[in-house]
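The structure appears right after this line, and notes come after that.
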Amino acid sequence: MRRYSERHGLQTISELNVTPLLDLAFVLLIIFMITTPLMENSVELVVPSSEASPKAPDPATVQNISINREELITLNGTPVALDQLENELLALKQQRPEIAVAIRSHKELPVQKLIDLMDVVQKAKINKIGVITNPEN
């Protein structure tokens, strides 16, 4: 490209105009900033499946705790108060150290009540805790 100058006659321009290039870079940056969070939520996730775990607890050692909508707690079908549950579980753990607990909670029960129940189980030093759910249709 040549530019006509009255003093020097024809002269070659050796500078590159970067303004349009910067405009394009900023537009692309904005587009990527907007679309990246949207792409993360649209990823389909397929969870792997497996057979029974080799370290699955013996079904005879599993103790069932259930809590209904009215917050009535039962241990293996017998009603028990939340403050007495820890003592019951400690007694069961002394009989069988490999004890496991399966918790069944009502769907409409507040989450805090389930957490309180799980805290009591952990205070009894029981490490194998499971929460029973139903698969969705």
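Bear in mind these aren't lab numbers, they're just calculated from the coordinates by the rules spelled out. What you are looking at is a predicted structure, and each value in this text was computed from that prediction instead of being measured. Because the Cβ atoms are built from the backbone with ideal geometry, glycine has one as well, and the counts that use them run over all protein chains shown.
Things to note:
- Segment VAL27-ALA91, length gained on full extension (0.36 nm per residue, minus Cα span): 16.3 nm
- Shown for region 59-132 is the translational diffusion coefficient from the Stokes-Einstein equation, using the Kirkwood radius over Cα pairs, a temperature of 4 °C and a viscosity of 1.567 mPa s: 107 µm²/s.
- Sum of side-chain charges, ASP83 neighbourhood, beta-carbon under 15 Å (Lys, Arg +1; Asp, Glu -1): -3
- Once backbone amide H atoms are built at 1.01 Å from N, GLN63 has ALA100, VAL101, ALA102 as its partners under 5 Å, excluding neighbours fewer than 5 places away on the same chain.
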